[in-house]
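Heads up: the structure comes next, in structure tokens.
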Amino acid sequence: MIRVTDLSKSYGSRLAVDSLNFEAKQGEILGFLGPNGAGKTTTMRILTGYMPPTSGTATIAGYDVVADSLEVRKRVGYLPETVPLYTDMTVYDYLKFMADLRHLPNADDRVTETLDQVGLLDRAEGYIGSLSKGMRQRVGLAQALLHKPEVLILDEPTIGLDPAQIIEVRKLIRDVGKERTVLLSTHILSEAQQICDRILIINKGKIVVEDTPENLQSKLAGAQRVQLRVRGEADELAGKISGLAGMQEVKVLSDGSIEFQFAPGKDLRPEVAKLTIEAKYDLLELRQINLSLEEIFLQLTREDLPAEEPEPEEEAE
Amino acid sequence: MRNIWTIAKREYSQYFISPIAYAVAFLLLVVTGLVFVLTIMSISQNQSFTSDAPDTRAVTSLIAFLLMLFTPALTMRLIADEIRMGTMELLLTAPLRDYELVIGKWLGVFLFILTLIAITLIFPFMMNGMAKPGIDQVLMMSGYLGVILVAAALLSLGVGISAIFSNQIAAFFTTMALFIVLWWLIGAPANILPSGGEVFNYLSISSQLSSINNGSLSLSGVIYFLSLTALGLFVGSTAVEIRRWR
């Protein structure tokens with residue numbers, strides 16, 4: 001549905017997007033993750049036909065974003081980062097205007113339907129200027145959904161929303177993403193983890209890594225880390241645990257629990273549990289620690305990390 | 001065509017909630033009304049009802065002059081404000097050609113001005129009813145045609161300049177400066193040069209307008225105003241397109 005080949009965009013001498021390659025299939029929710037200034041918005045603006053790339057190509061549903069820009073724009077719903085709204089229009093009039101621009105045959109019905117979908121039906125006659133930030137975000141989302149686009153491109157869709165609204169919007173995106181392609185950018189990692197089928201981490205205009213949220217986690221976790229909590233002093237036990245074959249690192253944390261790491265391939269948890277019981281400790285908790293996406297993210301986007309390692313992965317795609 | 005109409009319709013209705021538009025409408029109608037009253041008074045004092053038919057040239061040339069003054073205030077926000085508010089991103093990613101956007105914007109403000117011009121028609125009609133032989137119909141029609149042509153041209157240039165800037169004030173002063181040049185300055189060399197000065201007269205809005213206003217409607221005059229209109233729309237479309245590439 002979306003195919004991006006060697007896409008680059010430079011603003012003057014600054015390279016914002018550096019030969020990007022990726023694809024998104026129909027019915028896939030692709031998360032675009034990266035720090036500010038990584039090139040997420042620029043890539044999205046190229047895909048929506050807002051600006052042409054400096055080099056490389058991008059196609060949406062088989063149409064080139066430069067040569068067949070109008071065809072692309074007909075098929076894409078776009079929610080820009082700063083939601084573009086006419087504050088002196090009512091919600092209804094605004095959506096009607098957008099529906100007319102998109103030549104929707106039953107514009108009035110579609111506007112009502114979409115307003116219902118984003119939960120703004122009761123505010124239809126209110127002026128956009130009087131809406132809260134969360135509601136404006138939803139008006140923007142309604143505008144993107146209005147024409148039932150094949151591809152939905154959302155730039156930070158949940159920014160500025162309260163927790164309840166965030167859950168609602170995420171659910172909405174998941175529903176929409178069942179039959180349509182969604183490309184969304186975010187820098188909330190748990191969000192990408194929850195919504196997306198595939199995550200693309202981008203930094204300085206380059207793809208750092210591309211994988212499913214689950215793989216990303218297990219791949220990057222490398223060695224297994226486990227936390228063990230027992231009643232009472234744990235220092236002595238820690239010493240015993242470090243004697244186990246294959247154990248890599250054992251440390252006692254400030255709260256008295258033990259964190260240990262062993263080589264991948266061999267699960268040492270049963271041995272540790274046996275050891276703990278034999279040593280007459282009361283075992284309270286034995287838990288695997290998943291490397292959070294936050295940690296993965298920090299690891300991957302740290303500048304001192306070599307960037308060549310992840311690149312073969314994007315070629316494989 | 002449909003997209004142009006959609007943009008124009010929104011723009012037209014926006015003017016009716018804009019304070020600037022009401023200020024412009026108020027000034028235009030008050031000043032035109034005053035001149036109308038003065039014309040009536042001078043007719044009644046002259047007592048020469050049997051002589052020439054009263055003409056409306058004073059009213060139409062005044063409307064054209066006022067339009068020149070007001071246009072920068074009406075057009076400055078048209079595209080500059082979309083850029084500032086970020087809604088340009090919305091319009092440029094909608095299935096809409098760049099020129100459709102610019103023409104739509106122009107058409108919206110042009111229709112608004114046409115509405116105001118239509119309201120001023122009550123003055124000549126009242127004059128027609130008051131004066132015995134009626135007014136000079138040909139002069140009136142020619143004068144109003146001149147007003148409409150000059151409005152189309154000025155508004156188009158204003159829209160074009162608005163597309164270049166993301167700052168309304170910059171758009172306002174640039175438009176104003178261009179109008180001062182086209183209205184007064186460009187015709188000046190015609191009076192100084194011994195020969196070949198006609199071309200400057202041809203380029204001057206005020207001399208083109210006054211010949212139409214005086215009833216001598218020529219093809220070259222009409223072409224002049226239509227060319228200015230096309231130029232403004234072309235500059236606007238190009239500016240929008242250039243903005244994409246930056």
Provide the FRET efficiency to the nearest 0.05 for the residue A:112-residue B:18 pair, computing r from the beta carbons and using R0 = 35 Å. 0.80
For residue A:185, what charge total do you get from the other residues with a beta carbon under 9 Å from its beta carbon, if Lys and Arg give +1 and Asp and Glu give -1? -2
Across region A:224-292, what fraction of all alpha-carbon pairs, as a whole percent, falls in each successive 10 Å bin from zero upward? 22, 61, 17, 0
In whole percent, the Cα-Cα distances of region B:201-246 spread across 10 Å bins from 0 upward as 26, 37, 20, 14, 3
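Below 8 Å between Cα atoms, with a sequence gap of 6+, how large is the relative contact order for region B:1-125 in percent?
Value for region B:1-125: 55 percent.
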Heads up, the protein assembly as shown by the C-alpha gyration tensor (a ≥ b ≥ c square roots of eigenvalues; a/c under 1.5 rounded, else a/b over b/c prolate, else oblate) looks prolate
Which part of region B:142-180 falls in the paramagnetic zone of residue B:192, meaning amide N under 20 Å from the point 7 Å along Cα-to-beta-carbon? B:177-180
Could you pull the Cα extents of chain A along its three principal axes, largest to smallest, in whole Å? 75, 45, 32
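Over region B:56-183, what number does the Rg to Rh ratio reach, with both radii from the alpha-carbon atoms and Rh per Kirkwood?
Rg/Rh: 1.09.
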Among the DSSP H helices of chain B, those whose Cα atoms extend at least 30 Å along the helix axis and whose mean Kyte-Doolittle hydropathy is 1.0 or higher are B:19-46, B:98-120, B:137-164, B:219-245
I'd like the Kirkwood hydrodynamic radius of region A:1-71, using the inverse of the mean 1/r over distinct C-alpha pairs, in Å. 12.3 Å
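Quick one: divide the alpha-carbon radius of gyration of region B:160-246 by 2.2 N^0.38 Å and tell me what you get.
Numbers: Rg = 15.6 Å, N = 87, 2.2 N^0.38 = 12.0 Å.
So the Cα radius of gyration is 1.30 times the expected 2.2 N^0.38 Å.
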For residue A:29, distant residues with modelled amide H under 5 Å away: A:182, A:197, A:198
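Quick check on my link table: of A:204/A:266; A:25/B:105; A:25/A:171; A:25/A:133; A:9/A:96; A:25/A:266, which ones sit more than 29 Å apart, alpha carbon to alpha carbon?
Distance filter (> 29 Å) returns A:204/A:266; A:25/B:105; A:25/A:133; A:9/A:96; A:25/A:266.
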First obtain the Kirkwood hydrodynamic radius of chain B from its Cα pairs, then insert it into the Stokes-Einstein equation at 37 °C and 0.692 mPa s, and state the resulting D in µm² per second as a whole number. 172 µm²/s
Rg(Cα) of region A:99-225 divided by 2.2 N^0.38 Å? 1.23
Rg and Dmax [Cα atoms of region A:59-118; Å; Rg one decimal, Dmax integer]: 13.4, 38
Any idea what log10 I(q)/I(0) is at q = 0.13, 0.16 Å⁻¹ for region B:1-97, Debye with uniform C-alpha scatterers and no solvent? -0.65, -0.82
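Bear in mind that the values in this text are calculations on the coordinates, not laboratory data. All values reported here derive from a predicted model rather than from experimental measurement. FYI the Cβ positions are ideal-geometry reconstructions off the backbone, even for glycines, and counts take in every protein chain you see.
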